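The values are calculated or read from the model by the stated rules, or taken from the named source; none is laboratory data. All values derive from a computational prediction rather than experimental measurement. Every residue, glycine among them, receives a Cβ derived from its backbone with ideal geometry; neighbour counts consider all protein chains shown.
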């Protein structure tokens, strides 16, 4: 495995290209008793060629974020505000439906969570990939199409005999890899993988994870990997972003996040990872998540934070860069932010 | 340091307890409207005789071939002018159409309700048996139900009815029940099967509840809308089948039913002679019945399946 | 693509045989529930209801011989089964020596032709309407059709038939009243006859089509809504495919499957309803034959027709079942 983690240029944001920039994204879900705030104004970047992991517990808003980037949010959810800029040029949220359809898959593709149900049961698998290709690049000749798709299969480790098969004839792992092949078919700027290994057994998980890595290396694809298995993430991603109740609380290179987590929530998460080497006491996080319709003023984590202070209950801690490439949203570190000129994300503070 | 406050939730008006009680899914517009209309039709049995003489529905009770009172003149030589005693006109056998309606409608309804009722009872029993007991019981019941659904009911009904010398309401109803049970059986069975696997049923088993208990306390309440929808659908189907058989001429002859009236009209070439007041009223009444039952069925479907509800927008 | 699994074919054939057998047995049993010799009983019934039979002596003898009425009941049953499934249903009581099978087979083409065409049109158009109604892209005015077609669903076909005849034949005189073709035109493979047939077929066909259409439309709309929530629809959208393609290849293609299954189940009731439609229009098919048989208490014809109907419907369902795997690839494998 390459050591891309240590090779990332430190403290030189201007040299890295940004594949995706998310600014102040907000998504609400309508309920009869008021709007549920699913994504609460988050901002982050995904750099060209990196694999960033988006972790958090169930319901924290990570899948909603992914769906919002793809603009696949369905009623009763709706995107309330923000920008999602792809390749430094196109703001996905500002496109009309026609433009959006043209841009989809070419710029941003999805590897869905349940590949079991994400493939059309009555269509052969090659046709489903050809669909996407023909749509965005015009009708291909049968031979060219076949060659291309077989090459894609090869890249994800699928045998060519499945070319004419129907989805139900494939195993779970194979279906997932078909989805991966489909996602890379047009070499998009960004790939979003929504818990691609959740529904699989460990052995197949490994295979799919390896496939994702191969993709990243061979194509230089930028990817957002969503999940809640930090252990698995640790082996795949370059940076990790931790979400809680609709907000990002920490973004850091994955090694640092594991060895030196700064946000109390991240610390609790890391601590809860079971280890083969040692026996750890089960640490249960106290308290309940707040009512997402009516978040208390201040930090989202205040009700469960073991290190909560008065400031936490009044003021929302902004996401600040404390160390190179390491951002945290926590009052514990007030005053420690690196003085930096306003960078690409624009969420820096001077203190 | 700049401060930012957390974005507030976008509040809607708080719902009062009163409003919430009216939110129950059973207050479905289609269901209520259909039910209202159906009850109105049912009431003809009681209200009708108060206004009108039932005996006018029998043969020879009135002058033949008079036109309804709002018709000007006479459409042909065999007809008589409108008679104020018979506002809906009379037919070729001397029956007053208004009386016919008042007498025939409840009879047709009765066939539907009894036939569907019996069919549902059998269906529920067999459906639960098949779903809960499984094994060969299930196989036998399911296969039988499937076969019965496939066999064109009307055909066999015709055979049965043609052999019974005097067909009456009760016998009609019971014969219809013979073909009304398979669909509810299958429906109940599939619902029971899917509910059986749900968590709360397995919890009930684990806590030692008896099968009967589970059936009545856990499964039934959740099945209620399905059962109701099944029933209204069955009533419509039975009335339809009964009317069909009657239109062919295989129904009670002395006291009219809606289907037999149509049959009479046909045998007297009422369409050709333009006697729309003969076949018109029964058809209108039947259409009203069917539409009301249909609305009720759809409404109950929506009560049972919340996903169908959102379509009004 | 694999072929049909043997288990599947056998199962379907088994259902077919079972259905036909059960139906035939029921028809066998019912007359024998009445006491006495069935044939004499039949004739007796006919006499009571005013039918007039000539040659009754010869007829009874012919029946006795063919059906071995002097033999014990199980032998009768077997001979009955054998005769029925080889399409030798005996003689008509009121039109002796006309044979039941011959009478039925003469009327069959009329029924089959009209019924198949009408059902096909209703299915295709109905499902198309239903699918369009569920699509977001459909304009408002077309959506208004739904309540309208729903209303038609609750009206039985024959009642609509009566209304249609009254309006289009009696009042407007655009289309003929009754019959399969103009009596003045002699049957044959020429244009005049064809036109005449079509003119006479329009109203009965319309009655069936308008009524069934609403049913399919409603069902298809429901299925499209269910399909819309599936994961593969989301992925299809994510791929940026054109809406029409998503609608058709991902939506309709999947939603239509349960509709086809429903078609099989509905065939029985469609056939039943059609019988009465024929009666209204005096259309010379099996339905009208049945009506006349009932009028003249011609039990052998009644039984014969009922057998043919059961057989025909079961056969149609069998064919449907066997061709279903062609559209749903998941069924080729050993799944029930």
Checklist entry - If we scan region A:148-161, do we find a residue that is modelled with pLDDT of 90 or more, facing another protein chain (nearest Cβ under 10 Å) and not in a helix (DSSP H, G or I)? => result no
Checklist entry - Only one of these conditions is not met by residue A:57: (1) over 23 Å from residue C:229 (Cβ atoms); (2) within 14 Å of another protein chain (Cβ to nearest Cβ). Which number is it? => result (2)
Next on the checklist: Among the numbered criteria (1) within 9 Å of chain C (Cβ to nearest Cβ); (2) over 19 Å from the mean Cα position of the chain (by Cα); (3) surrounded by fewer than 23 Cβ atoms within 10 Å (Cβ to Cβ), which one does residue A:114 miss?
Outcome noted: (2)
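Let's see how each residue does on (1) within 22 Å of the chain's Cα centre (by Cα); (2) at the interface with chain C (Cβ under 10 Å from one of its Cβ atoms); (3) under 22 Å from residue C:272 (Cβ atoms):
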| site | (1), (2), (3) |
| --- | --- |
| B:207 | no, no, no |
| B:219 | no, no, no |
| B:236 | yes, yes, yes |
| B:240 | yes, yes, yes |
| B:244 | yes, yes, yes |
| B:248 | yes, yes, yes |
| B:252 | yes, no, yes |
| B:262 | yes, yes, yes |
| B:267 | no, yes, yes |
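With region B:159-273 as the region, which helices (runs of 4 or more DSSP H) entirely inside it contain at least 2 residues that are at pLDDT 80 or above and within 29 Å of residue C:289 (Cα to Cα)? Walk me through it before giving the result.
On the way: elements: B:169-180, B:182-196, B:199-206, B:220-247, B:258-267.
Counting at least 2 such residues, we get B:169-180, B:220-247, B:258-267.
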Next on the checklist: Checking the conditions here, which among C:119, C:153 is within 14 Å of chain B (Cβ to nearest Cβ), closer than 25 Å to residue B:294 by Cα, at pLDDT below 75 and under 19 Å from the mean Cα position of the chain (by Cα)?
Outcome noted: C:153
Checklist outcome for this item: Residues of region A:135-147 being surrounded by fewer than 16 Cβ atoms within 10 Å (Cβ to Cβ) and assigned to a helix (DSSP H, G or I), in sequence order, are A:137, A:142, A:143, A:144, A:146, A:147
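Here's the yes/no breakdown for (1) touching a strand residue (DSSP E or B) at 6+ places or on another chain (Cβ under 9 Å); (2) in the same structural domain as residue A:111 (by TED's automatic domain parsing); (3) in a loop (DSSP other than H, G, I, E, B); (4) over 30 Å from residue A:90 (Cβ atoms):
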{"residue": "A:163", "(1), (2), (3), (4)": "no, yes, no, yes"}
{"residue": "A:168", "(1), (2), (3), (4)": "no, yes, no, yes"}
{"residue": "A:174", "(1), (2), (3), (4)": "no, yes, no, yes"}
{"residue": "A:179", "(1), (2), (3), (4)": "yes, yes, no, no"}
{"residue": "A:182", "(1), (2), (3), (4)": "yes, yes, no, no"}
{"residue": "A:188", "(1), (2), (3), (4)": "yes, yes, yes, no"}
{"residue": "A:191", "(1), (2), (3), (4)": "yes, yes, no, no"}
{"residue": "A:199", "(1), (2), (3), (4)": "no, yes, yes, yes"}
{"residue": "A:210", "(1), (2), (3), (4)": "no, yes, no, yes"}
Checklist entry - Out of (1) part of a strand (DSSP E or B); (2) without any contact (Cβ under 8 Å) to a residue 12 or more places away in the chain, the odd one out for residue A:117 is which? => result (1)
Checklist outcome for this item: Note: among C:240, C:161, just one is in contact with a strand residue (DSSP E or B) (Cβ under 8 Å, 6 or more places away or on another chain) and either part of a helix (DSSP H, G or I) or at pLDDT 85 or above (or both), namely C:240
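Does residue B:66 fit the bill of being farther than 28 Å from residue B:232 by Cβ and touching a helix residue (DSSP H, G or I) at 6+ places or on another chain (Cβ under 7 Å)? Spell out how you get there, then give the answer.
Numbers: farther than 28 Å from residue B:232 by Cβ: yes; touching a helix residue (DSSP H, G or I) at 6+ places or on another chain (Cβ under 7 Å): no.
Against the criterion (farther than 28 Å from residue B:232 by Cβ and touching a helix residue (DSSP H, G or I) at 6+ places or on another chain (Cβ under 7 Å)), residue B:66 does not qualify.
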Checklist outcome for this item: Every listed condition ((1) at pLDDT below 90; (2) part of a helix (DSSP H, G or I); (3) more than 10 Å from chain C (Cβ to nearest Cβ); (4) surrounded by fewer than 24 Cβ atoms within 10 Å (Cβ to Cβ)) holds for residue B:109 save (1)
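Rundown of residues vs (1) in contact (Cβ under 8 Å) with a residue 60 or more places away in the chain; (2) within 20 Å of the chain's Cα centre (by Cα); (3) crowded, with 19+ Cβ neighbours inside 10 Å, yes/no style:
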position: C:227; (1), (2), (3): no, no, yes
position: C:233; (1), (2), (3): no, no, yes
position: C:238; (1), (2), (3): no, no, yes
position: C:250; (1), (2), (3): no, no, yes
position: C:265; (1), (2), (3): no, yes, no
position: C:270; (1), (2), (3): yes, yes, yes
position: C:273; (1), (2), (3): yes, yes, yes
Checklist outcome for this item: Those residues of region C:303-313 which are more than 16 Å from residue C:81 (Cα to Cα) and surrounded by fewer than 24 Cβ atoms within 10 Å (Cβ to Cβ) amount to C:312
Item to check | Among the residues listed as C:60, C:30, C:43, the single one being part of a helix (DSSP H, G or I), at pLDDT 65 or above and surrounded by 15 or more Cβ atoms within 10 Å (Cβ to Cβ) | outcome: C:30
